[in-house]
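The values are calculated or read from the model by the stated rules, or taken from the named source; none is laboratory data. These numbers come from a predicted model, not from an experiment. All Cβ positions, even for glycine, are placed from backbone atoms using ideal geometry, and neighbour counts span all protein chains on display.
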Amino acid sequence: MTLPASTLGSGVGCAIAAGIMCGIFALPMKYLGRWQWENVWAIFILVSCVLMPLGFAWGTVPHLLEVLAAAPAHAIVAACTLGFAWGFGAIMFGQGVSAVGIAMSNTLVLAISASLGSFLPMLLLAPERLHRPQGHAVVAGTLIGIAGIVCCGYAGAIRERSQKSEAGALRGAMVGKARTFSAGLLLCVGAGLLSAVLNIGYSAAQPILHAAIRFGSSSFAGSNAIWLLMLTCGAIPNLLFCGWLMAKNGSWSNYLQPAAGRLYGLTILMGMLWGGDIFLYGFASPKIGRLGPAIGWPLKLIAGLIAANAAGYLTGEWRLTPSRARRWMAAGLAVMLAAIVVLGWSSTLA
C-alpha cells in the first residue's frame, strides 16, 4: 500500500527532528557547572527514563497492566535485564561527554551503536542471515563504521595534544570531572556497545508489542510498553550511582543553591530532548511505512551526527585545534555517514 505524501513527509520530518534532539540533548551540560555531574544526571534520568516512559505508556496503552500480564515471561525478562544493562552505558555516556565533548562523544556513540545495533541482533537472533546479501551489507557497514571511529579517535588524540594548556578554558562550565582523552574514548566505546544492547532488548521484547496490539493498542503504544520496562530498569543503576556520588561528595546540598531555577530548567530540558527523541522516532517510523527502519533510522542517525558536531563546533570544542585534527574528524564523520547509509540499505535486503 502506498502511503500519502503528507504521511510520508511527516514521518521523515519527525525522524530528522528526533535525530536533532538526540544530537543536542547534552548541550545544556556546558552551562551547568555550578552543579556536580551527579546532580545533573539524576534529574536527567528521572525525567527521561522514569517520568516520560510512565506518562507515554499510561497515556497510550489503555490496558497496560493486562498487556504486561499477557506478554510472555521471556519478553518481560529480556526487556528488564537488557534495559538494566543499558543503564551502565548511559552512565558511561554521561561521563564521556564531560571528557571529550558533545561532538566527539555523540559521534563515537552513535556510530558504534549504529554498527553494532545492526550486527549484534543479527548475530544473536538470526546468525544464518550473515551469509546472505543482507548479512554481507551489515558486516560491510560495521567495518566502515569502525574505520570512521579510528579516524575520529586519531583526530581526538591530536586535539588533546594540542589543547593541553587550554583544556580548562575550552571546557568552560562543562559539568563533570576533566579526564584524559583516552579515558573519555573508552567511556564512549563502552556507551556505544551498551547502546547496541538496548536495540537487542527492544528486538527480543517484541512479544510485548504484539500483546498490546491484541488488546486494541497501536504499534506505537506497544512500543511505549516496551520502553517503559527497558528505560525504568535502565534508570536503576544510574540513580544508584548518582546517589552514591552525592553521598560521597556531599553534593545533595547543591539542589538547595539560591537562584537554581535555571539549572533545574536546563537539566529537565536535557531529559525532555533525549526522551522525546525515542518516542518521536517511535511515532515517525510507522508513518514512513514498510521501509521505516531502512529510511527513518539512517536519517535519524545522520541528523544526530550533524547536529552534535554543529553544536560542538559552535561552542568552541575544536577551537585552537590544528587543521590536521579537523580534517581527520571531518573524514571520520564522512566515513561514519557512509556506514549509516550502508546499514540503512541493508534493511531493504531482508
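What are the residues in the stretch 313-350 that are farther than 25 Å from PRO133 by Cβ, among the aliphatic types (A, V, I, L, M) and in a loop (DSSP other than H, G, I, E, B), if any? Of everything in the stretch 313-350, just one residue is farther than 25 Å from PRO133 by Cβ, among the aliphatic types (A, V, I, L, M) and in a loop (DSSP other than H, G, I, E, B), namely LEU320.
So which of TRP274, TRP328 ends up being touching a Ser or Thr at 6+ places or on another chain (Cβ under 6 Å), surrounded by 19 or more Cβ atoms within 10 Å (Cβ to Cβ), at pLDDT 80 or above and not small (Gly, Ala, Ser)?
Details: TRP328 fails: touching a Ser or Thr at 6+ places or on another chain (Cβ under 6 Å).
It is TRP274.
The residues of the stretch 245-261 that are in a helix (DSSP H, G or I), touching a helix residue (DSSP H, G or I) at 6+ places or on another chain (Cβ under 8 Å) and not small (Gly, Ala, Ser), listed by number, are LEU245, MET246, ASN249, TRP252, ASN254, TYR255.
Can you name the helices (runs of 4 or more DSSP H) wholly within the stretch 1-107 that have at least 3 residues being among the β-branched types (Val, Ile, Thr) and touching a residue at least 60 places away in the same chain (Cβ under 8 Å)?
On the way: elements: 5-24, 37-45, 52-60, 64-70.
Of the helices (runs of 4 or more DSSP H) lying wholly inside the stretch 1-107, those with at least 3 residues that are among the β-branched types (Val, Ile, Thr) and touching a residue at least 60 places away in the same chain (Cβ under 8 Å) span 5-24, 37-45.
If you filter the stretch 217-269 down to residues that are within 30 Å of VAL77 (Cβ to Cβ) and among the polar types (S, T, N, Q), you find that the one that is modelled with the lowest pLDDT is SER219.
Just one of the listed residues (TRP41, TRP37) is at pLDDT 90 or above and crowded, with 24+ Cβ neighbours inside 10 Å, namely TRP41.
Residue-level check: of (1) within 16 Å of the chain's Cα centre (by Cα); (2) surrounded by 21 or more Cβ atoms within 10 Å (Cβ to Cβ), VAL67 misses just (1). Within the stretch 128-146, the set of residues being loosely packed, with under 15 Cβ neighbours inside 10 Å and part of a helix (DSSP H, G or I) comprises GLU128, LEU130, HIS131, PRO133, HIS136, LEU143.
Cβ separations smaller than 8 Å between residues 6+ apart or across chains give the following pairs from the stretch 148-163 residues that are free of Cβ contacts under 8 Å to residues at least 40 places away in the same chain and in a helix (DSSP H, G or I) to residues that are crowded, with 16+ Cβ neighbours inside 10 Å and among the aromatic types (Phe, Trp, Tyr): ALA157/PHE181; GLU160/PHE181.
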